[in-house]
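The values are calculated or read from the model by the stated rules, or taken from the named source; none is laboratory data. Source: prediction; values computed, not measured. Ideal geometry is used to build each Cβ from the backbone, glycine not excepted, and the neighbour counts take in all protein chains shown.
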Amino acid sequence: MKMLAFSLASLWRRRYKNLALFFIFSLLIFLVMSIFLIAGSIKKELLTTLNTLPDIYVQRTVGGRLMPMTIDRLEPIEEMAGIEWVMPRVWGFYYFPAAGVNFSVIGVDFDLGSYKQNYNDVVASIEEEGNFMVVGEGVRRMLNRHYYKDFFNFIAPNGDFIKVKLAGTFSSDSALESSDTILVPMDLARRIFAMDENMITDIVIKVQNPKEASIIAKNIQNLYPDTRVITKDDLKVSYQNMFDYKSGLFLALFIGAFFAFFVLVFEKASSVGKEQIKEIGILKALGWRVEDVLYLKFLESAVVIVSSFVVGVVASYYFVFVLQAPLLKNIFSGFSVLKPQTPLMPFFDVSLVITIFLIVVPLYLAATIIPSWRAAVIDPEEAIR
Amino acid sequence: MRKLTLIMWFVVSLLAFDKSMPNPTLHQKWCEICGMNLAKFYKSNHLVKLKDGKMVQFCSLHCLVEAMPKLQIEKIYVVDAKSGKFIPVEQAYYVVGSKVPGTMSKVSKIAFAKLEDAKAFQKQYGGKIMRFDEVLKLQKKMFAKEQRRIKHKQNKMAMMGKMLYEKRCKKVDQKFSSMAKLKDYLAANKICDLKGKKLQAVALYLWKKQHSKKIIVPKDAKCPICGMFVAKHPKWAAMIVDNQGHKLYFDGVKDMLKYLQNHSFKRAYVSDYYSGQAINATKAYYVLGSDVMGPMGKELIPFSNLDDAKSFMQAHRAKAIFEWKDITKDVLKKLE
C-alpha cells in the first residue's frame with residue numbers, strides 16, 4: 001500500500017508527462033475499441049438477419065433484371081427429394097417520399113403462415129380481415145411522425161389510393177427489419193405493386209438437410225434455366241465480402257493507430273534519462289533492492305496504462321452504443337442512404353477486450369520496466385555521480 | 001390474356017362448385033387420416049366398414065388409400081354427389097379429372113350412383129367416367145407423388161400450427177391414435193380458441209410432433225466400433241436395441257453393420273439422410289458409393305423411401321441402392 005502511495009506521488013511529480021501519456025493511450029484504445037465495436041455490431045446484425053433466412057432463393061431474371069414469375073413453378077420444386085417446404089414470396093420496396101425512405105412491403109399468407117419466425121408471431125396473433133398491415137416498431141414511429149396514426153395510404157402504380165388499416169406492430173431482433181418492414185396480406189401486396197393474381201416475386205425453400213442445399217440449388221437451376229438460384233451460403237459469402245471491404249478501410253486506420261502506439265512505446269523505452277538513472281541510484285543508495293525498484297516502476301506504469309485502458313474502453317462503449325458512433329459509423333453504413341437509419345446493436349465480446357488488453361498493456365509494461373531494470377543494475381555510486 | 005381468362009374462368013368454376021351438402025351423413029366430424037372437416041369436403045367422402053363392424057370415414061380417396069394397408073376392410077362406400085347418400089363403391093360411377101378441384105389430390109374424383117347423373121356432371125365440368133377399380137388403381141399410382149406434395153403443405157401448416165399452439169392453446173401431452181381423435185380432443189376440451197384452418201394447423205403440428213422420431217443420442221454415448229462420441233454427429237446416428245434391452249449408438253450405418261456381424265439385435269434404427277428422422281433399419285434403402293462422407297469415411301446412406309434414394313444416387317454419383325437383406329460382407333468390404 002505504501003508502495004502504491006509512493007508510486008502515485010512519483011507519478012505526480014512528473015504529472016504533465018504522465019497526463020499526456022494517459023490521454024494519448026486513452027485515445028488510442030478508444031479509437032481501436034470503437035472500430036472493433038462498430039464492426040462487431042454490424043457483423044452481429046448481419047448474422048442475426050442471415051440465420052433467420054431460408055436455405056435457397058429462386059428468382060427469375062430477364063436480361064439480368066428480376067422479374068415476377070407464375071406461382072405454378074412451385075410444384076415441380078416441391079416434388080424434388082430432400083425438401084422441407086417451398087413458399088412463394090410477394091414483396092417489393094415502397095418509396096415513402098415524405099420521409100425519403102424505402103419500406104420493404106412483404107406479402108404474407110395469413111392462412112398458411114410465413115417462412116420467418118417473427119412473421120409467424122404476427123400471423124398467429126392477428127385476427128383481421130380486408131386491407132390491413134402490421135409494421136415494425138420503427139416504421140410505426142416514422143408513420144406517426146407523419147400523422148398516420150391508424151391507417152396508411154399506399155399509392156398504387158396507376159395512381160389509385162389504397163387505404164390500409166394499421167392493425168399492429170411486431171418486434172424484431174434486427175433493428176434493420178424493425179425500421180423498414182411492412183407486412184400485408186399477399187393479395188394486398190400484389191395490388192400495391194400492380195402484380196397479376198398468380199404472380200409471385202420469388203420462391204424461398206427450406207431443405208431438410210442443409211448439406212444438400214447446393215445440390216438442390218443446382219437441380220433447380222437445371223429445371224428453370226431462366227432463374228437465379230441463391231443459397232444461404234452464397235449470401236453469407238457476399239455479405240462477408242462487402243463486410244471485409246469495409247473492414248479493410250478500417251484496418252488502414254487501425255494500422256495507423258497501432259504504428260503511433262509503437263512509436264510511443266519505443267520513444268518511452270529508449271528514453272531512460274539521466275534524471276531517472278539518478279533517482280534509481282538514490283533509491284538504491286537508501287537500501288532499496290533491485291526488485292523493489294522494479295516493483296515501483298511496475299506500479300507506476302500499471303497505474304497509467306490500466307486507467308487509460310479502462311477509460312478508453314468505457315468511452316468507446318459510450319461513444320458507439322449511446323452516441324451511436326457519429327462520423328465513424330458512416331464509413332460502414334454508407335451503402336444504404338435510402339434505408340431508414342438503424343441503431344447499432346449492443347454487442348459485448350470479452351475476447352475482444354482481452355485481446356486489446358493483451359496487445360497494449362504487457363507491451364507498455366515491458367517498455368517501461370526493462371529500461372528501469374537496466375538503470376537499476378548500475379552501481380548506485382556511479383549513477384548518482 | 002388468354003391464360004388470364006382461363007385462370008379467371010377456373011376461379012369462377014371453383015366458386016361455383018361446393019363440395020359440402022345439406023344434411024351430410026357423418027360418422028365422425030374429422031377425416032381419420034388428415035383431420036379435415038368431413039362436411040366441408042362431403043362430396044368426395046369415402047366410408048369404410050371394417051370387419052369388426054366399426055365405421056371409418058375419410059375425406060377423400062387419397063386418405064382412404066393411405067389408410068388401406070392398416071385396415072381390415074369389409075366394404076367401402078362413397079357419397080353419391082347427387083343424393084348425398086353413401087353407396088357401395090362397386091355401384092358408383094366416378095367422374096375423374098373434371099374441373100372441380102380434387103380433395104387432397106390434383107385430380108378430382110366425384111362419384112354418382114346413376115350413370116345419367118355422372119354424364120350430366122361430365123357435360124358441365126368435363127372429365128372421364130370410370131369405375132372404382134380403375135379409379136383406385138389410378139389413385140394408387142399417383143399416391144406417392146401426391147403424398148409428397150401434401151406433406152409439404154402440411155409441413156408449412158405445422159410450422160404455423162406450432163406458433164399458434166404456443167401462443168393460443170393449452171398444453172397437450174397425450175398421444176392420439178388418429179388425427180380425427182386428436183381433433184375431437186382439441187375441439188371437445190376447448191384447447192385452443194381457434195377454428196377452421198388455424199385449428200387444423202395446430203392439429204397437424206401436434207400430430208407431426210407425436211410422430212416425429214429422431215434418434216436421441218445421450219451426450220456420453222460412444223460408438224462401440226470406433227469409440228467416437230456419437231452425439232457429435234447426430235445426423236448420422238444409428239441405434240440398436242439388443243436382446244437384453246440395452247441401447248447401443250453408432251455414428252453411421254457402417255459401424256452398426258460391423259457390430260451386427262457378431263451380435264444379434266431386437267430393433268435397429270437409422271437416420272434418414274434428408275429428414276433426419278429415425279427409420280426402421282430393416283426397411284430402409286441404402287445408397288452405396290456416393291461422394292458424401294460420414295464421420296467414418298465412406299458410408300451406406302440410409303433413406304426411408306426408394307424415390308429419395310434414387311434422386312440422391314443421381315445427385316451424388318452413387319453406385320447402387322441396397323435393401324437391408326442385400327447388404328453382405330462384400331458390400332461392407334467396399335466401404336473400407
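Within the stretch A:115-128, residues that are facing chain B (nearest Cβ under 7 Å) have Cβ atoms under 6 Å from residues that are of a type outside the set (S, T, N, Q) and crowded, with 19+ Cβ neighbours inside 10 Å in these pairs: A:120/A:113; A:120/B:163; A:123/A:110; A:123/A:113; A:124/B:163; A:124/B:164, counting only partners at least 6 apart in sequence or on another chain. One residue stands out in the stretch B:285-298 among those that are in contact with a helix residue (DSSP H, G or I) (Cβ under 7 Å, 6 or more places away or on another chain) and closer than 16 Å to residue B:328 by Cα: the one that is farthest from the other protein chains (Cβ to nearest Cβ), namely B:288.
Note on the stretch A:219-242: among residues that are outside any helix (DSSP H, G or I) and under 29 Å from the mean Cα position of the chain (by Cα), the one that is nearest to residue A:157 (Cα to Cα) is A:228. When the stretch B:118-136 is filtered for residues that are in a helix (DSSP H, G or I), in contact (Cβ under 8 Å) with a residue 24 or more places away in the chain and either among the polar types (S, T, N, Q) or buried (at least 18 other Cβ atoms within 10 Å of the Cβ) (or both), the ones remaining, listed by number, are B:118, B:121, B:122, B:132, B:135, B:136. Looking at residue A:214, is it under 32 Å from the mean Cα position of the chain (by Cα) and touching a residue at least 24 places away in the same chain (Cβ under 8 Å)? Considered against the rule, which asks whether it is under 32 Å from the mean Cα position of the chain (by Cα) and touching a residue at least 24 places away in the same chain (Cβ under 8 Å), residue A:214 comes out as no. The criterion of at least 2 residues that are surrounded by 18 or more Cβ atoms within 10 Å (Cβ to Cβ), more than 23 Å from the chain's Cα centre (by Cα) and more than 14 Å from every other protein chain (Cβ to nearest Cβ) is met, among strands (runs of 3 or more DSSP E) falling completely within the stretch A:1-105, by A:56-62, A:83-96.
The requirement of being under 22 Å from residue A:119 (Cβ atoms), within 14 Å of chain B (Cβ to nearest Cβ) and in a strand (DSSP E or B) is fulfilled nowhere in the stretch A:188-195; no residue meets it. Filtering B:201, B:187 for residues that are in contact (Cβ under 8 Å) with a residue 60 or more places away in the chain and either surrounded by 21 or more Cβ atoms within 10 Å (Cβ to Cβ) or outside the structural domain of residue B:276 (by TED's automatic domain parsing) (or both) leaves a single hit, B:187. So which residues in the stretch A:203-218 are part of a helix (DSSP H, G or I), closer than 21 Å to residue A:89 by Cα and facing chain B (nearest Cβ under 9 Å), if there are any at all? Selection gives A:216, A:218. Only residues that are in a helix (DSSP H, G or I) and more than 8 Å from every other protein chain (Cβ to nearest Cβ) were counted across the stretch B:167-186, and they come to 8.
Checked against (1) of a type outside the set (Val, Ile, Thr); (2) under 23 Å from residue A:76 (Cβ atoms); (3) under 17 Å from the mean Cα position of the chain (by Cα); (4) modelled with pLDDT of 85 or more, residue B:148 meets all criteria but (4).
Residue B:317 falls short on exactly one of the conditions (1) at negative phi; (2) modelled with pLDDT of 85 or more, and that condition is (1).
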